[in-house]
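The values are calculated or read from the model by the stated rules, or taken from the named source; none is laboratory data. No experiment lies behind these values; they were computed from the predicted model shown. Every residue, glycine as well, gets a Cβ built from its backbone with ideal geometry; the counts of neighbours run over all protein chains shown. For accessibility, only protein heavy atoms count, side chains too; no ligands or nucleic acids. Shrake-Rupley method; radii C 1.70, N 1.55, O 1.52, S 1.80 Å.
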Amino acid sequence: MTRDLSFKLALGLLVVFVLVALFGPYLLEHDPLRGSLRARLDPPAWAEGGSAEHLLGTDRLGRDVLARIVQGARISLAVCLVVIAIAGSIGTALGTFSGYVGGWVDRVLMRLVDLALSLPVILLALLFAAVVGPSFLNIVIVISMVLWSQYARMSRGETLRVKNEDYVDLARTSGLGHVAIIFRHVLPNIAPSLIVVATLQVGVVIVLEASLSFLGVGVPPPNPSWGGMVAEGRSYIVTAWWVSALPGIAIVLVVMAVNVVGDALTDRINPGLRGRGA
Amino acid sequence: MLKHLAGRLAEALVALVLMSLVIFLLSRVIGDPVALLLSDSATEADRQLLIQQLGLDRPMWQQYFTFLGNALQGDFGQSVTAGREDALELVLSRLPASLSLAGVALAFTLVLGILLGVLAAITRGTLADLAVRMLALLGQSAPSFWLGIMLIYVFAVHLGWLPTSGFGGPAYYVLPALTLGLFTLAAITRLVRASMLEALSSEYVKLARIKGLSEWSVVLRHALGNSLIPVVTFMGTFFATMITGAVVVETVFAWPGIGRLAYESIMARDFPVIQTVVLVITAFFILANLIVDLLYLAIDPRMRAAG
């Protein structure tokens, strides 16, 4: 019962996150990139000295923290969607191909996936990011490059399970080509498991992007990435805690919601996967 | 079993060589080493001489094998920063700080994680269980860079109980170890809770209860022992999480370990140090996974027969 309640709460939170990312920026009067020098480091409305003008206060350049968090939601969502599209299609294509063909091709490809999974992710991402420099496109490529392998492993295992089912045999004997079998019979049947991987990865992508932005190799300023905002607020945490604390709370809430939803989906769709994924 | 062992060792070596190739290629793209080493007043002739000295005029594959050969002899070159320190010595000098931090973090997460997991399982459905599960959820969702800053704000700045950052006595370990360990603590707690619940509803625990054993004996001797196997299988992942997590945590806490060195050298485009530190971290990462594999082999007799 509490499980169901937390699932609904988490799902609601995710819907809010997506709506804010999509429409939030149009509803706010403050520009997330332009500050006012007269309103530097104003506290949030509820704190002493705060005003309703800036509900969540302002940062060092007098920019509205709420407007920046809302704009940051859009950036986080965009990074997630693009990364999952890129990593998901590369990983799924390789994994499905590998599982369907089998034999030595499969063995070689899976060794590669094992290798990719055995390398330290954040260090690789940091290295790549430092090489290519900070930009939206680069951060998306970097994170995709370190996360594709999980889709490959999952889709390969699922393809192995599906390819010997009766309906695939039937399709084959009725003369359907391999490509048609993969698209019509294999992919639709392995899709639920891949959706679980993708859901659990939303949290990983958000934290990875935020960490890289925090370290200065992610989304470049002045764009308000949540990780970058935490980094900016770090040096005056003593006098203005809200600049660092609030974007971090946004990260925690979204990632928590994603994890709850992901776990619930795992239980429903593929109970054998518990504990894996992220 | 020997065959299995040899296979795993070979795999680990391939992973390490592959990583060295990735690092080599990346660091050649990262920075122009010549531009970094030359002074502003250098002439074109100086430039050419240095290119020749460093072997940068030779084909890429030749440069890679030279790099690999030197690395095998422990020669990773010198830092390009002012000190010109030996890259390997620099990395090794930072290693104890990182290992001691990871060790402390791992020890406390193991003890606390198992305790909390067992507590949640035997009080299933109560408020205590709910509290532990909320803590675990929070621990898996809070990014460590933010968590570290918040802990510094509350415990060092506000309450003044602990030092804000830096390296020193036991008090200096508390906040970084907590930050580094929280994600793993959450993972262990969830893992132990789930496998304890499974064990508590199993036939052999029912049998032990029927035999009239005390509840403590049932929980500790029969259920707990079996619930710890999954923790062992995930130990490699845990250790790996801590090694890579160190990059962020050590940066936040100004901890003089290899994680911070990795970050600083990447930012300074100090490529001999980058190569060394990334390779050393990867080696630890792979070694940890290898050890866990062997541990697992020792625990589970079926693996021995199959290998």
Quiz item: Taking region A:131-156, which residues are among the β-branched types (Val, Ile, Thr) and buried (at least 22 other Cβ atoms within 10 Å of the Cβ)?
Solution: A:Ile139, A:Val140, A:Val142, A:Ile143, A:Val146
Exercise. Filter region A:214-231 down to residues that are surrounded by fewer than 19 Cβ atoms within 10 Å (Cβ to Cβ) and modelled with pLDDT of 85 or more, then give me how many there are.
Key: 0
Self-check item: Among the candidates B:Leu182, B:Leu175, residue that is open to solvent by less than 10 Å² (accessible area, probe 1.4 Å), assigned to a helix (DSSP H, G or I), touching a residue at least 40 places away in the same chain (Cβ under 8 Å) and touching a Leu at 6+ places or on another chain (Cβ under 7 Å)
Solution: B:Leu175
Practice problem: Please go through region B:238-272 and pick out each residue that is more than 10 Å from chain A (Cβ to nearest Cβ) and part of a helix (DSSP H, G or I). | Solution: B:Phe238, B:Phe239, B:Met242, B:Val249, B:Glu250, B:Ile258, B:Arg260, B:Leu261, B:Glu264, B:Phe271, B:Pro272
Practice problem: Report whether or not B:Ala199 is more than 23 Å from A:Val260 (Cα to Cα), aliphatic (A, V, I, L, M) and part of a helix (DSSP H, G or I). | Solution: yes
Exercise. Restricting attention to region B:59-92, report how many residues are surrounded by 14 or more Cβ atoms within 10 Å (Cβ to Cβ) and over 28 Å from the mean Cα position of the chain (by Cα).
Key: 1
Quiz item: Can you find even one residue in region A:96-113 that is farther than 27 Å from B:Ala240 by Cβ and crowded, with 22+ Cβ neighbours inside 10 Å?
Solution: yes
Exercise. Could you identify the single residue in B:Val219, B:Val252 that is farther than 23 Å from A:Val207 by Cα and of a type in the set (Val, Ile, Thr)?
Key: B:Val219
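One line per residue, one yes/no per condition, for (1) within 19 Å of B:Ala120 (Cα to Cα); (2) in contact (Cβ under 8 Å) with a residue 24 or more places away in the chain; (3) open to solvent by less than 50 Å² (accessible area, probe 1.4 Å):
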{"position": "B:Leu137", "(1), (2), (3)": "yes, yes, yes"}
{"position": "B:Ile149", "(1), (2), (3)": "no, yes, yes"}
{"position": "B:Tyr153", "(1), (2), (3)": "no, no, yes"}
{"position": "B:Met196", "(1), (2), (3)": "yes, yes, yes"}
Quiz prompt | Subset of region B:136-184 [out of contact with any helix residue (DSSP H, G or I) (no Cβ under 8 Å at 6 or more places or on another chain) and either within 14 Å of chain A (Cβ to nearest Cβ) or within 23 Å of B:Val231 (Cα to Cα) (or both)] | solution = B:Val154, B:Val157, B:His158, B:Leu159, B:Gly160
Quiz item: Do we find a residue being more than 25 Å from A:Phe214 (Cβ to Cβ) and in contact (Cβ under 8 Å) with a residue 24 or more places away in the chain anywhere in region A:50-61?
Solution: no
Quiz item: Across region B:202-219, what is the number of residues that are in a helix (DSSP H, G or I) and either open to solvent by 90 Å² or more (accessible area, probe 1.4 Å) or farther than 19 Å from B:Thr123 by Cβ (or both)?
Solution: 9
Practice problem: Pull up region A:163-205, narrow it to residues that are among the polar types (S, T, N, Q) and open to solvent by less than 20 Å² (accessible area, probe 1.4 Å), then point me to the one that is farthest from the chain's Cα centre (by Cα). | Solution: A:Ser193
Self-check item: Which listed residue is in a helix (DSSP H, G or I), modelled with pLDDT of 80 or more and within 30 Å of A:Gly157 (Cα to Cα), from A:Val243, A:Val255
Solution: A:Val255
